[in-house]
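Below is one structure, written out as structure tokens, with a few remarks after it.
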Amino acid sequence: VKFVPKSSMGSGGTRFGNSYLNLWANCPRKWFNSHYRPVELDGEVYRGIAPRWTSENLLRGSLFHEGLAEWYRSGVRDGEDTGERDVDRALAVIQKHAHDRSAEWPDEGARDVEVSNTQILLRRYHDHFALGGAQPEFPQVRVACDGSGQPLIEREWEFSLGEGHVYTCRTDAIIYYRGVLVSLEHKTSAVPWMRLKTIPMDSQFAGEQFVLRNLFPEDPISGTLVNVVGTKKAAGKFDRELTKRTDHQLLRWRDNCVSILNQIQVAKMGFEVELQRGVSIERAADMWFPDHGTRTDHCTAYSGCEFLDLCQWAGREDSKLGMYTKREAA
Ligand code: SF4
């Protein structure tokens, strides 16, 4: 593959990804809290807040992703995937990644439990998919390499959608699946059968296919292989599904992104006008960033929205803001 990381952008633009858009679509109020709520600290204004502790599910997913990336990387030698994966190398990466992110766990004990569980899960994955395992995936799954012989694992891509908007995404890997070029995405889930149902319509895979097909029209990927890995009570349950988007679906995806970005722009402007009129932050947010989560079940979905405390204490947000920290740079 001639893939060389490159950008379609000659100049700057606002960069955004799938989760940024999903936040808005699920609940504009949640988007506001995450990306736009003004926070004044030491005379500087920061935008957006985040819980002081990262959620257990996010940390678990991140540890497993890092380990799995190394597992796939370990089989590549001299620009070729040999299929010989080194599970010990992958387990060591999990340990190191957890150590680097220590501050995000409430204590060391909680961190060590998560490391141990994630390592057990990765070892099961290895026993299942490695050469000599229960269902060896090589050579049906082969990691593709770029023009310099480097594996196409954990790469960032970006593409302009026009009107100053730049969409960014990160692929877990680009692979040959049964000889055909596709992107590979790992998804950890405690309810993998429900995760599988969402794959055909998930906007993340549309975005990835839109960007990669536009960046590399000579080496077009034909779809995304979604690698669903069960966790908790479903640990050790592995499923895969190939998902493809038509040109019409990708066009709709693009227009939809621009529509959401325009809605965000209008809301930001409206909010600022209210502040200039002397309206409080909370009242101005009520006017421009509706709490759609209360209508889409998003407040309580999965382990619950991280801003539940703020929303449940409407009118007394000041007493709850101390539970959060600033998210973005000033
Ligand atoms: S608690 Fe519900 S309404 Fe509030 S930000 Fe979260 S999803 Fe939106």
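Here are some notes:
- Selection count where residues are in a loop (DSSP other than H, G, I, E, B), of a type in the set (D, E, K, R) and within 24 Å of Ser280 (Cα to Cα), scope segment 292-318: 2
- Checklist (1) under 29 Å from Arg15 (Cα atoms); (2) part of a loop (DSSP other than H, G, I, E, B); (3) modelled with pLDDT under 95 applied to Gly236, failing item: (1)
- The residue list Glu66, Glu44, Glu40, Glu56 contains one member that is away from the ligand (no atom under 16 Å from the Cβ), over 30 Å from Lys320 (Cα atoms) and either out of contact with any Cys (no Cβ under 9 Å at 6 or more places or on another chain) or touching a residue at least 40 places away in the same chain (Cβ under 8 Å) (or both), which is Glu66.
- Considered as a group, the residues in segment 175-195 that are of a type in the set (A, V, I, L, M, F, W, C) and closer than 24 Å to His248 by Cβ include one that is farthest from the chain's Cα centre (by Cα), and that residue is Val180.
- Among residues of segment 269-279, those that are at negative phi, open to solvent by 60 Å² or more (accessible area, probe 1.4 Å) and either in contact (Cβ under 8 Å) with a residue 24 or more places away in the chain or part of a loop (DSSP other than H, G, I, E, B) (or both), counted: 1
- In segment 264-284, residue farthest from the ligand (Cβ to nearest atom) [restricted to those that are under 23 Å from Gly17 (Cβ atoms) and touching a helix residue (DSSP H, G or I) at 6+ places or on another chain (Cβ under 7 Å)]: Lys268
Rundown of residues vs (1) open to solvent by less than 30 Å² (accessible area, probe 1.4 Å); (2) among the β-branched types (Val, Ile, Thr), yes/no style:
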site	(1), (2)
Gln209	yes, no
Ala234	yes, no
Ile260	yes, yes
Ala267	yes, no
Ile281	no, yes
Asp291	no, no
His298	no, no
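- When Gly147 is tested against (1) surrounded by 13 or more Cβ atoms within 10 Å (Cβ to Cβ); (2) assigned to a loop (DSSP other than H, G, I, E, B); (3) touching a residue at least 60 places away in the same chain (Cβ under 8 Å), only condition (1) is not met.
- Picking from residues in segment 289-318 that are more than 7 Å from the ligand (Cβ to nearest atom) and aliphatic (A, V, I, L, M), the one that is nearest to Ala190 (Cα to Cα) is Ala301.
- Selection over segment 160-191 of residues that are in a strand (DSSP E or B), out of contact with any Leu (no Cβ under 6 Å at 6 or more places or on another chain) and within 30 Å of Val258 (Cα to Cα) gives a count of 14.
Yes/no matrix, rows are residues, columns are (1) aromatic (Phe, Trp, Tyr); (2) in contact with a helix residue (DSSP H, G or I) (Cβ under 7 Å, 6 or more places away or on another chain); (3) within 21 Å of Ala69 (Cα to Cα):
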{"site": "Cys145", "(1), (2), (3)": "no, no, yes"}
{"site": "Gln150", "(1), (2), (3)": "no, no, yes"}
{"site": "Ile153", "(1), (2), (3)": "no, yes, yes"}
{"site": "His165", "(1), (2), (3)": "no, yes, no"}
{"site": "Arg170", "(1), (2), (3)": "no, no, yes"}
{"site": "Gly179", "(1), (2), (3)": "no, no, yes"}
{"site": "Ser189", "(1), (2), (3)": "no, yes, yes"}
{"site": "Trp193", "(1), (2), (3)": "yes, no, no"}
{"site": "Met201", "(1), (2), (3)": "no, no, no"}
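- Against the list (1) of a type outside the set (A, V, I, L, M, F, W, C); (2) closer than 27 Å to Pro290 by Cα; (3) modelled with pLDDT of 95 or more, the condition Gly13 fails is (3).
Here's the yes/no breakdown for (1) over 21 Å from Leu225 (Cβ atoms); (2) of a type in the set (Ser, Thr, Tyr); (3) touching a Pro at 6+ places or on another chain (Cβ under 9 Å); (4) crowded, with 18+ Cβ neighbours inside 10 Å:
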site	(1), (2), (3), (4)
Asp86	yes, no, no, no
Val93	yes, no, no, yes
Trp105	yes, no, no, yes
Asp112	yes, no, no, no
Gln140	no, no, no, no
Lys187	no, no, no, yes
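- Within segment 209-238, tally of residues that are more than 20 Å from Gly179 (Cβ to Cβ) and under 19 Å from the mean Cα position of the chain (by Cα): 6
- Here Ile260 fulfils each of the conditions (1) within 15 Å of the ligand (Cβ to nearest atom); (2) in contact (Cβ under 8 Å) with a residue 40 or more places away in the chain; (3) out of contact with any Gly (no Cβ under 8 Å at 6 or more places or on another chain) apart from (1).
- Flag for Pro200 being open to solvent by 10 Å² or more (accessible area, probe 1.4 Å) and in contact (Cβ under 8 Å) with a residue 40 or more places away in the chain: yes
The values are calculated or read from the model by the stated rules, or taken from the named source; none is laboratory data. Being a predicted model, the structure only gives us computed values, none of them experimental. A quick note on method: Cβ atoms are made from the backbone with ideal geometry, for glycine too, and the neighbour counts reach across all protein chains shown. Side chains included, ligands, DNA and RNA excluded: accessible areas come from the protein's heavy atoms. Shrake-Rupley method; radii C 1.70, N 1.55, O 1.52, S 1.80 Å.
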